[in-house]
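The values are calculated or read from the model by the stated rules, or taken from the named source; none is laboratory data. A quick note: this is a predicted structure, and the numbers were derived from the prediction, not measured. Counting neighbours? That spans all protein chains shown, and the Cβs are built from the backbone with ideal geometry, glycine included.
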Amino acid sequence: MNAAVAQLGRKAAGAADAATGQPAADVGQALYGFASQLYPICRSITGNGVRQTLELIGQRIELARHEVASGTRVFDWEVPLEWNIEDACVLGPDGARVVDFRAHNLHIVSYSEPLQRSLTLDELRPHLHSLPAHPDWIPYRTSYYRRHWGFCLRDRALQAMRPGRYQVQIDSSLAPGSLSYGECFIAGKSREEVLFFTHVCHPSLANDNTSGMAIASFLAQWIGTQPRRYSYRFVFAPGTIGSLCWLSRNQQRLKHVRHGLVLGLLGDPGTLTYKRSRRGDCDIDQLLSYLVTAADPPGSVIDFEPYGYDERQLCSPGFNLPVGRLTRSVNDGYAQYHSSADDLALISPGQLQRSLELCQQAVEILESNRRMVNLAPKGEPRLGKRGLYGAMGGRSPADRERAMLWILNQSDGSASLLDIAQRSGIGYAAIRSAADELTNAGLLAAQRTAAGKRRQRPAGPARTRPVRARKAKSGSGGKR
Amino acid sequence: MNAAVAQLGRKAAGAADAATGQPAADVGQALYGFASQLYPICRSITGNGVRQTLELIGQRIELARHEVASGTRVFDWEVPLEWNIEDACVLGPDGARVVDFRAHNLHIVSYSEPLQRSLTLDELRPHLHSLPAHPDWIPYRTSYYRRHWGFCLRDRALQAMRPGRYQVQIDSSLAPGSLSYGECFIAGKSREEVLFFTHVCHPSLANDNTSGMAIASFLAQWIGTQPRRYSYRFVFAPGTIGSLCWLSRNQQRLKHVRHGLVLGLLGDPGTLTYKRSRRGDCDIDQLLSYLVTAADPPGSVIDFEPYGYDERQLCSPGFNLPVGRLTRSVNDGYAQYHSSADDLALISPGQLQRSLELCQQAVEILESNRRMVNLAPKGEPRLGKRGLYGAMGGRSPADRERAMLWILNQSDGSASLLDIAQRSGIGYAAIRSAADELTNAGLLAAQRTAAGKRRQRPAGPARTRPVRARKAKSGSGGKR
Amino acid sequence: MNAAVAQLGRKAAGAADAATGQPAADVGQALYGFASQLYPICRSITGNGVRQTLELIGQRIELARHEVASGTRVFDWEVPLEWNIEDACVLGPDGARVVDFRAHNLHIVSYSEPLQRSLTLDELRPHLHSLPAHPDWIPYRTSYYRRHWGFCLRDRALQAMRPGRYQVQIDSSLAPGSLSYGECFIAGKSREEVLFFTHVCHPSLANDNTSGMAIASFLAQWIGTQPRRYSYRFVFAPGTIGSLCWLSRNQQRLKHVRHGLVLGLLGDPGTLTYKRSRRGDCDIDQLLSYLVTAADPPGSVIDFEPYGYDERQLCSPGFNLPVGRLTRSVNDGYAQYHSSADDLALISPGQLQRSLELCQQAVEILESNRRMVNLAPKGEPRLGKRGLYGAMGGRSPADRERAMLWILNQSDGSASLLDIAQRSGIGYAAIRSAADELTNAGLLAAQRTAAGKRRQRPAGPARTRPVRARKAKSGSGGKR
């Protein structure tokens, strides 16, 4: 299996390359290209925009599409009527299209009911939304659960509207149908799952969230090409009601979710931000904090709070899943948030690629990180006779030797390789590679599940049982 | 019941108003006036000065007076003879009163034995106490447990004394009698008690402790007018031997003391100081630290140490009560401490009022703070359909909505409302008010006692049982 | 028994005086003198140099010498052949001694095999080791476990060597023999042991480690003259293989090791450095951190890492002993490390003496530190009637009184005297002396072993049972 964190980025890019058939340097371009494909679609929490989106994603990865009928009760909620829209506009007194859905998806308040009406400007005004502070941006507004209609427009355009009669035409439908979400399951050796979650309900907002959809798709594609112990599940669902649907249909499965990450807002120029799970001390919290703060440029780690994306539901007290969230800027944390300025100019191939690479690093560490047991715990084993230690004494040990000393010293079954990397200050890649050498030398074995002191249980008990330890024991160590 | 911490001060002043019949702005004046009434009395650890003090306090609140006979054994101590004093003076060689008890209570060393004697200045000198660093201040000295006599005087006066014969007259009495302390009990719905303790043994020291006596009296008066679950007990007792007497007579009752606060030194210009209980992590420690550091200007929090006021006894290892201490300056922490300069000019109506208000805020939070349980813990409940959440989506939630999300997310029975206020950074008043709204909406209920994870147990089990939760359960949530 | 930390240094010096027959001021000189005696010996991990060293140490303290035969299996290792050396040199093309073992022990790579050979400079070169950055220093190199030979020399000398034929003569022996180590056991009242460990394998390196050997020897000598509850064990052994031999032969005894310290590098000009045990929170960690940071000038405390001296073995996960390490500079932490510049000019009598004094202080605190129980825990006992508190009230307590209040308040059996010293900020000596006064007054007794909340168990249960507490109980306290 592959080696050092330092190398993961490059390797991951290479792997994506293999998977996409593009040169590594083009992974960012490919991500950007896919985001650009997703951008024009008019998504909402239900409707054909979501289905179209899932279809595009399904061209890249094996995606099971689920439909949940309108009216289905989902915990405290119910799935709303399905909303679709063909056209919408406001015609001015002179008959010109003052606000035109065909010009931008954001012009219509999502879930606006069908309408054909003539109004004065005063009557129309409460249905018009703009951003006075950003007169050239169209805001993004929704009214999923209260029957309503409205238009969003540039404040500059709003200010130019003169008194008179306006014609409002909304060619939408609100009718029993279903909510759609997609699921990509990649089986590993273990039933223990890693969950990736991304929302697919936003229309024509590039960072929020074509970036998340693109990265989740590429990540799933790449994982499918990798050896793995964990199983992986990617859920592409509308925000809130979509994650609630998934949770409601998968309650029996949640116990298998060992780690999880909500992905979104991963293409903007901001540095990476990891938001801790509600528990705050999960393995995923340790891992992502480690990677994000070590990233170049370093990102930041923030505490859990109950506002955000679908971690709101996944980390509600009734589920409390070990799920964190990875973004660059945070929701409501950048000026263009939820406006037409969150467009394809805001995201870039480079940022998308670096986001993907960090996710790939996370997966590689999740896969390789374990609690190990030193099989010769009394004193240091004699590394030199195994060619693992320099023969010439009197000098300080080389980095590789230091890594081995750290692993041997800490591996009493309570410390994971990542713990050791953090305590020693030695990079994870070097620790992992030294652990491999020690394992090959018969000095180290993976901790058996039952004896583990933390939550994380290595997936396959049979595989992680320290077979060598037992041999060594019965063989009385004399053969080493 | 009342609402926001921000409002508590004003409301509390209003409440005091109702109780005292004075306009709110005069609460400080009323406190100062009461302190001024208490100031001239010559108190000691026993004697009529204490009784006179308790009588004045008893005119404001229902005060039970207790007398403990001289010679009564109290743990390792015994109640001393009762001391009273009529007059005392030192007459100079010319017959003039060089030191005159009638001019200031502090001139006599407390517990000085009766005396009529002629001495040379050299013989007298060891019995004279002054403060060379503050030549115009009279120090405060006592000799409770060693039979002794002495005078305290301005160093300037001491330096002016010329050789010659001096007449010492001390018209005091040291005789079997009793130690007096007062107790005001305000019953609440629960037997669990909040204990307030203040010392009443210092003569003519304004900050130490007419300020504490005045505030404790007004606080008790105000609590009597408030709805409450806790019972409250105010003890006005001489320092050390008085609190030991109270402890000794109330050992069976101590298990009911859930929170406690020693009050003193609350009128000086210093900022507020909270001294933690010996345990250091009691609910009262969390609460007072929260309030004192949020005060304007911010106060400070200091660790427990075994010197100070009656927390010395209340927090001795054999009792270890959950009792902290609230002062402004600390004992021995201001120049005028234990001298005649700790007079009515040192304390002010404003400081007294603000001290009282903080105590009132503390009581309001103690009363309302609970661990709550989210009755719809799987995912977020749909607040919008209950009118608790804005209908227009796409914008960030309002403060009230954020407060609700925080409460719902954290209320698994382990976090109190104050915990949630601190974690979220949202003011306690907003959290409490949002909790009330959620409770009214059937989404939240108080945690039952037994399941609480911390020490604090809400008082009445019957009242705090989440009745709504059960209804909701049997009603299968469908009605919401 | 002796009193204050402040006094410990002086007293210790005095005690050393008694033990060595030298004036106290000469303890540093005596240490330096002994280090100078040890310096010229050519030590390695086996051989007569070690035996000669143990003989010199044995002239000061009762030292049991142990021999472990070559080939003995020791955990993952085996004791190597014994190495001795008579002479070694490199003769230049002109027959002159270019490198001469007789000039400096470090010229020969330790464990160089016997040799007589003629080589060209090119052939010789790989066997020559120098320090280009320090052209006048001879490096220290070893090849214990790979049969090899080599010379170390000044880089200046290496650069001056001209092409031509060189004669190499190594008059060494590598033959079955044994590894030698010494052990000094000083019985105390308890079987619980304090372990001191120092390495004796380095040739002609003054700080590393004639300093450690000298201090360990003097410390053992001094402890023999002191009353003590613990037993003490000093091990003088070659690094790594020597400590492994000791561990292997003493596995049954390890459970008695309550505290331990590896000593080395104690004469250089650096400030003291305490390296924590692997556990990180042992009593020895608390104690040495306390002493080292309070030293003048203050030293530093570093975390455990698995590289260093014999703590590598003692703190391997299979043993995990409560053993820290005391040095001044750390291994590889000073320029002269492992070179001929680590000579007698690097170490000084003053630094050696101050290192010894700190070890003596550590022993005195280990001996006197206990968890105490307040026998009158309800309220403060009346110290005044026992002459332990000033009679004149109104002033703040004196330091001695504050120490007593702290001890009484904290002594519920969970806090040790050192804990109390640290919490109160009062020096350990004052705390201990106040504890003695309180004990003599019948107010305090040592905590019985079983009820102790931390690892440390006072040695003799019979002695530490709070006999007075029981008397007091049955006597109902009335007699006090």
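Among the residues of segment C:152-194, those that are assigned to a strand (DSSP E or B), within 18 Å of C:Gly49 (Cβ to Cβ) and out of contact with any Cys (no Cβ under 7 Å at 6 or more places or on another chain) comprise C:Cys152, C:Ile170, C:Asp171, C:Ser172, C:Ser173, C:Leu174, C:Ala175, C:Ser178, C:Ser180, C:Gly182.
Here's the yes/no breakdown for (1) touching a strand residue (DSSP E or B) at 6+ places or on another chain (Cβ under 6 Å); (2) closer than 30 Å to C:Gly413 by Cβ; (3) free of Cβ contacts under 8 Å to residues at least 12 places away in the same chain:
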position: B:Arg312; (1), (2), (3): no, yes, no
position: B:Gly318; (1), (2), (3): no, yes, yes
position: B:Val323; (1), (2), (3): yes, yes, no
position: B:Asn331; (1), (2), (3): no, yes, no
position: B:His338; (1), (2), (3): no, no, no
position: B:Ala341; (1), (2), (3): no, no, no
position: B:Leu344; (1), (2), (3): no, no, no
position: B:Pro349; (1), (2), (3): no, no, no
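Inspection of segment B:226-236 identifies at least one residue that is polar (S, T, N, Q), surrounded by fewer than 21 Cβ atoms within 10 Å (Cβ to Cβ), within 26 Å of B:Arg328 (Cβ to Cβ) and in contact (Cβ under 8 Å) with a residue 60 or more places away in the chain. Counting the residues of segment B:411-446 that are within 14 Å of chain A (Cβ to nearest Cβ), part of a loop (DSSP other than H, G, I, E, B) and under 29 Å from the mean Cα position of the chain (by Cα) gives 2. Residues in segment C:232-244 that are more than 10 Å from every other protein chain (Cβ to nearest Cβ) and out of contact with any helix residue (DSSP H, G or I) (no Cβ under 8 Å at 6 or more places or on another chain): C:Arg233, C:Gly242.
Among the residues in segment A:49-70, are any over 26 Å from the mean Cα position of the chain (by Cα) and in a loop (DSSP other than H, G, I, E, B)? Yes, the conditions are met somewhere in segment A:49-70.
Being surrounded by 18 or more Cβ atoms within 10 Å (Cβ to Cβ), out of contact with any Ser or Thr (no Cβ under 7 Å at 6 or more places or on another chain) and farther than 24 Å from C:Ala206 by Cβ is the filter here; which residues of segment C:149-165 pass it? Matches in segment C:149-165: C:Met161 only. Among the residues of segment C:109-155, those that are hydroxyl-bearing (Ser, Thr, Tyr) and under 16 Å from A:Gly394 (Cβ atoms) comprise C:Ser110, C:Tyr111, C:Ser112, C:Ser130, C:Tyr140, C:Thr142, C:Ser143, C:Tyr144, C:Tyr145. The C-beta contact set for segment B:133-149 (first residue assigned to a loop (DSSP other than H, G, I, E, B), second residue buried (at least 16 other Cβ atoms within 10 Å of the Cβ) and among the basic types (Lys, Arg), distance under 6 angstrom, 6+ apart or interchain) comprises B:Asp136/B:Arg154; B:Ile138/B:Arg154. A:Gln286 satisfies every condition listed in (1) surrounded by 21 or more Cβ atoms within 10 Å (Cβ to Cβ); (2) over 23 Å from A:Pro269 (Cα atoms); (3) more than 10 Å from chain B (Cβ to nearest Cβ) except (1). Of the conditions (1) loosely packed, with under 12 Cβ neighbours inside 10 Å; (2) within 33 Å of the chain's Cα centre (by Cα); (3) over 15 Å from A:Pro203 (Cα atoms); (4) charged (D, E, K, R), A:Glu113 clears all except one; give me its number. Evaluating A:Glu113 over (1) loosely packed, with under 12 Cβ neighbours inside 10 Å; (2) within 33 Å of the chain's Cα centre (by Cα); (3) over 15 Å from A:Pro203 (Cα atoms); (4) charged (D, E, K, R) leaves (1) as the failure. When the test is whether a residue is within 10 Å of B:Tyr166 (Cα to Cα) and surrounded by 22 or more Cβ atoms within 10 Å (Cβ to Cβ), B:Val99 does not pass it.
Let's see how each residue does on (1) of a type outside the set (S, T, N, Q); (2) touching a helix residue (DSSP H, G or I) at 6+ places or on another chain (Cβ under 9 Å); (3) in contact (Cβ under 8 Å) with a residue 12 or more places away in the chain; (4) in a helix (DSSP H, G or I):
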site: B:Pro80; (1), (2), (3), (4): yes, yes, yes, no
site: B:Ile85; (1), (2), (3), (4): yes, yes, yes, no
site: B:Cys89; (1), (2), (3), (4): yes, yes, yes, no
site: B:Val99; (1), (2), (3), (4): yes, yes, yes, no
site: B:Ala103; (1), (2), (3), (4): yes, no, no, no
site: B:Leu106; (1), (2), (3), (4): yes, no, yes, yes
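For the condition closer than 22 Å to B:His259 by Cβ and surrounded by 21 or more Cβ atoms within 10 Å (Cβ to Cβ), B:Phe196 qualifies.
Do we have any residue at all in segment C:332-354 that's within 26 Å of the chain's Cα centre (by Cα), within 14 Å of chain B (Cβ to nearest Cβ) and not in a loop (DSSP other than H, G, I, E, B)? Checking segment C:332-354: not a single residue is within 26 Å of the chain's Cα centre (by Cα), within 14 Å of chain B (Cβ to nearest Cβ) and not in a loop (DSSP other than H, G, I, E, B).
Given the structure, is C:Ala216 surrounded by 23 or more Cβ atoms within 10 Å (Cβ to Cβ) and within 17 Å of C:Ala64 (Cα to Cα)? So C:Ala216 fits the description; yes. Residue under question is A:Arg43, and the condition is that it be in a loop (DSSP other than H, G, I, E, B), within 14 Å of chain B (Cβ to nearest Cβ) and among the charged types (D, E, K, R); does it hold? Yes. Within segment B:357-373, identify whether any single residue is at the interface with another protein chain (Cβ under 10 Å from one of its Cβ atoms) and either buried (at least 20 other Cβ atoms within 10 Å of the Cβ) or touching a Pro at 6+ places or on another chain (Cβ under 9 Å) (or both), and answer yes or no. Scanning segment B:357-373, I find at least one residue that is at the interface with another protein chain (Cβ under 10 Å from one of its Cβ atoms) and either buried (at least 20 other Cβ atoms within 10 Å of the Cβ) or touching a Pro at 6+ places or on another chain (Cβ under 9 Å) (or both), so the answer is yes.
Quick check, is C:Val292 part of a strand (DSSP E or B), away from every other protein chain (no Cβ under 11 Å), closer than 28 Å to C:Leu418 by Cα and not aromatic (Phe, Trp, Tyr)?
Criteria not met by C:Val292.
Checked against (1) buried (at least 16 other Cβ atoms within 10 Å of the Cβ); (2) at pLDDT below 95, A:Pro80 passes all but a single condition, namely (2).
The set of residues in segment A:311-324 that are within 14 Å of another protein chain (Cβ to nearest Cβ) and outside any helix (DSSP H, G or I) comprises A:Cys315, A:Ser316, A:Pro317, A:Gly318, A:Phe319, A:Asn320, A:Leu321, A:Val323.
So which residues in segment B:425-436 are crowded, with 21+ Cβ neighbours inside 10 Å and either of a type outside the set (A, V, I, L, M, F, W, C) or free of Cβ contacts under 8 Å to residues at least 40 places away in the same chain (or both)? Selection gives B:Tyr428, B:Ile431, B:Arg432, B:Ala434. So in segment C:179-193, with the set limited to residues that are crowded, with 18+ Cβ neighbours inside 10 Å, touching a Ser or Thr at 6+ places or on another chain (Cβ under 8 Å) and of a type in the set (Gly, Ala, Ser), which one is farthest from C:Ala88 (Cα to Cα)? Filtering segment C:179-193 for residues that are crowded, with 18+ Cβ neighbours inside 10 Å, touching a Ser or Thr at 6+ places or on another chain (Cβ under 8 Å) and of a type in the set (Gly, Ala, Ser), the one farthest from C:Ala88 (Cα to Cα) comes out as C:Ser190.
All conditions but one from (1) modelled with pLDDT of 95 or more; (2) surrounded by fewer than 19 Cβ atoms within 10 Å (Cβ to Cβ); (3) under 32 Å from the mean Cα position of the chain (by Cα) apply to A:Arg146; the one that does not is (1).
One residue stands out among those in segment C:376-407 that are within 7 Å of another protein chain (Cβ to nearest Cβ) and closer than 15 Å to B:Glu305 by Cα: the one that is modelled with the lowest pLDDT, which is C:Ser396.
Cβ separations smaller than 6 Å between residues 6+ apart or across chains give the following pairs from segment A:402-419 residues that are buried (at least 21 other Cβ atoms within 10 Å of the Cβ) to residues that are of a type in the set (Lys, Arg): A:Ser416/A:Arg371; A:Leu417/A:Arg432.
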